[in-house]
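Contents: one structure, followed by commentary.
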Amino acid sequence: METSRSERPNRGPAVFQKILIANRGEIAVRVVRACRELQIAPVAIYSEADHEALHVRLADAAYPCGAAPARDSYLVADRVIEIAQRAGADAIHPGYGFLSENADFADRCEAAGICFIGPTGAVIRAMGDKITARQTMAAAGVAVVPGTTEPLSDAEAADWAERIGYPVLVKASAGGGGKGMRRVGTPAELPQALERVRGESASAFGDATLYLEKFLENPRHIEVQFLADAHGNALHLGERECSIQRRHQKLIEEAPANGVGPELRAELGRAALAAARAVDYCGVGTCEFLVDAAGDFYFLEMNTRIQVEHAITEAVTGIDIVVAMIRIAAGEPLQISQPDVEFSGHAIEARIYAENPDRGFIPSPGLISAYTPPSGPGVRVDTGVEQGTRVTTHYDPLIAKLIAWGTDREEAIARLDRALAEFDIQGIATSIPFHRNALCHPEFVSGRYTTNFVEAMLRAARRG
């Protein structure tokens, strides 16, 4: 006889009965589903713009958190903690973005007696500051991109740029998400780049500290997913190729990465785990690396949260990363070890944005008048929208993630292209036309692309 939800045996960590999800959109829906499978009650928050959102309807309970702008709602840490206390939540899952890498928020959750599902504030702080992260990785024996490991004045930056050799990247120590960095090709460009990055960093992150890195021409961007528990266990789940990006924002990701054999995979995995152990990491994290034409790799940064593209790793490993994240936060040991991790097939993700690729990817807000996602073998759609959802300019324009799995890369590409053709979204422009064009581009098909792929493709389109 079928039992009710309350009568079913609880598969989840006994310490968590209720989790507040401090996020919105597709990642909030994803965490709701993980909570459901663990028999944990999911609680949502919503801004005035999101009162009818999908994640709100799917949760057991939902609480308003403020006005539409994120700074007045999802980013108000004290309000989020107060809602969690009022709801009786044992833990807060921050998703990605918003408060997910806010060290002070993690500390305040701990002080309030609420588990923050992620690493400690000290770890977030150490890895969130890019200069500190570079120093820590270098000390742990992990190669970093040639550059500085101390904050720089403008005069020091000019001196170091000459030593490193142009082109260089001016980077904000607190930067992230593609913000707070500029390529500088000549000494004449440096003063303006320093001024702009300092201003952008101070505005976006409240910190104007800068450093320099050597600009690697046409590298590949490869990242490694890792899990680490509080019992000294750690493992990696292989790598993802994230080189197809525009202005440092990823558009298409693949797992496994192209041309990465067992030896390089093992080296990348060892480096990621060395990075995690160097900061006593506990939770789910990602190490990002740049790989040059010679196959040498360099630590770029550590993401101390769930990644947007975690689904493709789930597809090739069969491991539910969000569930693992919750279990680790509850103090459980990892249920597998490195030899248990097996890779099967190939997965590709297309990030579907409410943007118009024919007009320079400008945002395309509006009412989604029709929404029919694709399905079929090997296809997964993670989304937070549906027909009738109004897309606003208050938040990131990501509206869905389309993941295709195949027994090999060729089948994964074919399935993704078929699914993109089926994906019907009306009322707003989306990035789907860009994705379809990218999939049939000879450089993409060959797998021999770099971080320069999108800009080169757009330049060719403008010329043609």
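Nothing in this text is a laboratory measurement; each read-out follows from the coordinates by a stated rule. On a predicted model such as this, the values are computed, not experimentally measured, just so you know. In this analysis, Cβ positions are derived from the backbone assuming ideal geometry, glycine residues included, and neighbour counts consider all displayed protein chains.
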Legend entry - Most positive-pole-ward Cα, His231, Leu152, Phe434, against dipole of the chain from beta carbon charges: Phe434
Legend entry - Calculated from backbone phi, Karplus (6.51, -1.76, 1.60) coupling profile of the range 308-319 in Hz, x at Gly/Pro: 3, 8, 4, 4, 6, 5, 4, 5, 8, 10, x, 9
Inset, instruction - With runs of 4+ DSSP H residues as the only contributors, calculate the mean residue ellipticity of the chain at 222 nm using -39,500 (n - 2.57) per run, divided by the residue total and rounded to the nearest 500. - result: -10000 deg cm²/dmol
Legend entry - Beta bridge orientation in the chain: antiparallel %, DSSP, nearest 5: 80
Inset, instruction - List every residue whose amide H lies under 5 Å from the amide H of Gly384, counting only residues 5 or more places away in sequence or on a different chain, with H placed 1.01 Å from N in the peptide plane. - result: Glu26
Legend entry - Dipole axis of the chain (+1 Lys, Arg; -1 Asp, Glu on Cβ), positive-most option in Leu458, Leu190, Gly121: Leu458
Legend entry - Local net charge near Gly261, Cβ-Cβ under 13 Å (Lys/Arg +1, Asp/Glu -1): -2
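Summing Lys, Arg as +1 and Asp, Glu as -1, what charge do residues with Cβ under 10 Å from the Cβ of Lys401 carry, Lys401 excluded?
Computed value for this residue: -2.
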Legend entry - For the range 250-304 and the range 18-70, distance of Cα centres in Å: 31
Legend entry - Fewest-first ranking of Met181, Met127, Met302, using other Cβ atoms within 10 Å as the exposure measure: Met181, Met127, Met302
Legend entry - Mean separation of Cα contacts under 8 Å (6+ apart) over length of the range 11-117, as relative contact order %: 28
Inset, instruction - Enumerate the amide H contacts of Gly147 below 5 Å, restricted to partners 5 or more residues apart or on another chain; note that Pro and chain-start residues carry no placed amide H. - result: Lys214
Inset, instruction - Could you pull out every residue, at least 5 positions away or on a different chain, whose amide H is within less than 5 Å of the one on Leu152? Hs are placed 1.01 Å off N in the peptide plane, and Pro or chain starts have none. - result: Leu210
Inset, instruction - Answer with one residue from Ser364, Cys65, Tyr395: the one whose Cα lies farthest towards the positive end of the charge dipole of the chain, charges on Cβ with Lys, Arg +1 and Asp, Glu -1. - result: Ser364
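Give the relative contact order (percent, whole number) for the chain; include only Cα pairs under 8 Å separated by 6+ residues. Mind dumping the intermediate values first?
Values: 972 pairs, mean separation 64.5, N = 464.
Over the chain, the number comes to 14 percent.
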Legend entry - Cα centroid separation - the range 376-436 against the range 164-224, whole Å: 31
Legend entry - Environment charge at Leu54 (Cβ cut-off 12 Å; Lys +1, Arg +1, Asp -1, Glu -1): -1
Inset, instruction - Using the Karplus curve 6.51 cos²θ - 1.76 cosθ + 1.60 with θ = phi - 60°, work out ³J(HN,Hα) for each residue of the range 428-434 in order, rounded to whole Hz, and write x for Gly and Pro. - result: 9, 7, 9, 7, 4, x, 4
Inset, instruction - State, as an integer percentage, the relative contact order of the range 301-381 based on alpha-carbon contacts under 8 Å between residues 6 or more apart. - result: 23
Inset, instruction - May I ask you to evaluate 6.51 cos²θ - 1.76 cosθ + 1.60, the Karplus curve with θ = phi - 60°, for each residue of the range 242-254 and list the ³J(HN,Hα) values in order in whole Hz, giving x for glycine and proline? - result: 10, 6, 7, 8, 10, 6, 6, 9, 6, 10, 9, 10, 10
